[in-house]
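Data first, discussion second: the structure below is written as structure tokens.
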Amino acid sequence: MSKITRRTFVATSVGASALLAQQSPTVIIRGPAKPVVVASANGNRFKNGGTVTGVEKAFAMMTSGSDVLEALIAGVNIVELDPLDDSVGYGGLPNADGVVQLDASCMHGPKKRAGAVAALEGVRTPSLVAKAVMDNTDHILLVGEGAQTFARNMGFAIEDDLNTPNSRGKWLEWKRRTDPGHYPDPKSRAEAGWRVALEMVAEGKIDPQHLYGTINCDGVNANGEICGVTTTSGLAWKIPGRVGDSPILGAGLYVDGDVGAAGSTGRGETNLYSLSSFLAVENMRRGMHPKDATLDALKRIKGNTIDKRLLNSRGLPNFDVNFYALNAKGEYAGTSMYEGGKFAVCTDGGPKTLDCEPLLTGKARD
């Protein structure tokens, strides 16, 4: 057996350490951060009759000492309760049967806990029910009737109908234009329903951003504590029971308390397939800036989109996806598949609505 000298041992140890360093991902050490709240654009638009928007409310509470997740949820509650925003909560665009079904998830970075609900009916603030799941159960996700029963047991008011005159009127307009039976051949039904929805967008009857709905809101305080929440009424006119990416951890939202947070709006199915928010956070773990991390996630989505019905004449995705992300330092970004996307941010300089960094030029549809 060969003799190991001190010089050989040191050289071998140094070489092994160098190799290990090359193989291991970069770990961002949490520390003092610049406080910031980042969200989808509706986070700096709707006020529910008050004087502040969602990101303003969240930032003010967070920087006044409130728990980060509690502050973020208070911010999105403004949007959930505002009947003028028909993409989330009360008055969200209903499913194909005219029923408002809501999804939400939340993640608490420091506590490393999460909660979510899906296909929840009758509660205007699904984000609060998701937090109740996190705080009061040994589970993460509750769905449908079970989620509603849980909400009732937790003291939430259960309403028979969350439609507003606006959401009900838009559903009736869509219903009139589609087959009255509504369940002919599944393929033709889906194509007809989506065509009518796009016609209503072109006519100005539906905000194009609200076909998919959703608000995502993420924040980091001065101590580097990170949390996030996503809440939605889901895809307009969806098949009853359809659940998108919003309540699924790693798809519509992901938080790592030592690294950062990312969330998304847009076509939920593509985020479910690619687990895009998880990918974005893992990219930040390896040292990527939130902008580069989420653009890389968009590239993954683009590469995974090969179904012809999801491609435009250029062979590119015919849908939009937006990402909102921040890291433990307080760096943030908003990115989108195509030009024209917006996102909201609030810092000590106040709330702003900014342009997303696009992956692709032009528009999703020809």
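FYI, it's all coordinate maths here, none of it is from the lab. Just so it is clear, the model here is predicted, and its values are computed rather than measured. Don't worry about glycine lacking a Cβ; one is built from the backbone with ideal geometry, like all the others, and counts go over all protein chains shown.
Sorted by packing (mean other beta-carbon atoms within 10 Å per residue), highest first, where do 51-63, 69-81 land? Spell out each step's value before the answer.
On the way: 51-63: 23.2, 69-81: 25.8.
Peptide ranking by packing, descending: 69-81, 51-63.
For Ala58, what is the net charge nearby, where nearby means another residue's Cβ is under 10 Å from its Cβ and Lys, Arg count +1, Asp, Glu -1?
Working: positive: Lys57; negative: Glu56, Glu70, Asp218.
So the surrounding residues net to -2.
Provide the three semi-axes, in whole Å and in decreasing order, of the ellipsoid equivalent to segment 209-315 as defined by the square roots of 5 times the Cα gyration tensor eigenvalues. Walk me through the numbers before you get to the answer.
Numbers: eigenvalues 124, 64, 20 Å².
So the three semi-axes of segment 209-315 are 25, 18, 10 Å.
Principal axes first, then extents: for the Cα atoms of segment 36-360, list largest minus smallest coordinate on each axis, whole Å, largest first.
Computed over segment 36-360, the largest-to-smallest principal extents equal 56, 49, 37 Å.
Between Glu269 and Lys47, what length in nm is gained on full extension when 0.36 nm per residue of separation is reduced by their alpha carbon distance? Write down the numbers at each step before the final one.
Details: separation 222, 0.36 × 222 = 79.92 nm, distance 2.94 nm.
Length gained between Glu269 and Lys47: 77.0 nm.
About the Cα centre, and with charges only on the beta carbon of Lys, Arg (+1) and Asp, Glu (-1), how big is the dipole of segment 36-360? Nearest 20 debye, please.
Numbers: 33 positive and 39 negative charges, 129 e Å.
Computed charge dipole of segment 36-360: roughly 620 debye.
How do the peptides 123-131, 295-303 rank, highest first, by the average count of neighbouring beta carbon atoms within 10 Å per residue? Please report the intermediate quantities before stating the final value.
Working: 123-131: 27.4, 295-303: 19.6.
Top to bottom by mean Cβ count within 10 Å: 123-131, 295-303.
Based on other C-beta atoms within 10 Å, arrange Cys217, Cys356, Cys227 from fewest to most. Can you show the working numbers first?
Working: Cys217 34, Cys356 24, Cys227 28.
With the sparsest Cβ surroundings first, the list reads Cys356, Cys227, Cys217.
When a footprinting reagent is the concern and you count Cβ atoms within 10 Å, what order do Val143, Val37 take, fewest first? Don't skip to the end; give the middle numbers.
Numbers: Val143 17, Val37 33.
Lowest to highest Cβ neighbour count: Val143, Val37.
Sort segment 55-121 into rounded, prolate or oblate with this rule: let a ≥ b ≥ c be the square roots of the eigenvalues of the Cα gyration tensor; rounded if a/c is under 1.5, and if a/c is not under 1.5, prolate when a/b is larger than b/c, oblate otherwise. Don't skip to the end; give the middle numbers.
Details: a/c = 4.77, a/b = 1.64, b/c = 2.92.
It comes out oblate by the Cα gyration axes.
What's the center-to-center distance, using Cα atoms, between segment 290-366 and segment 81-154 in Å?
When both Cα centres are located, 25 Å separates them.
Would you mind calculating the gained length between Glu339 and Thr137 on full extension (0.36 nm times residue separation, minus the Cα-Cα distance), in nm to one decimal? Mind showing how you got there, number by number?
Values: separation 202, 0.36 × 202 = 72.72 nm, distance 4.17 nm.
Working it through step by step, the gained length comes to 68.6 nm.
For Leu354 and Asp160, FRET efficiency with R0 = 45 Å and r from the beta-carbon atoms, rounded to 0.05? Each step should come with its number before you reach the end.
Details: r = 40 Å, r/R0 = 0.88.
For R0 = 45 Å, the calculated efficiency reads 0.70.
Which net charge results when you count Lys and Arg as +1 and Asp and Glu as -1 among the other residues whose beta-carbon is under 10 Å from that of Glu269? Display every interim value, and only then the final one.
Values: positive: Arg242, Arg267; negative: Asp245.
After counting each charged neighbour, the total is +1.
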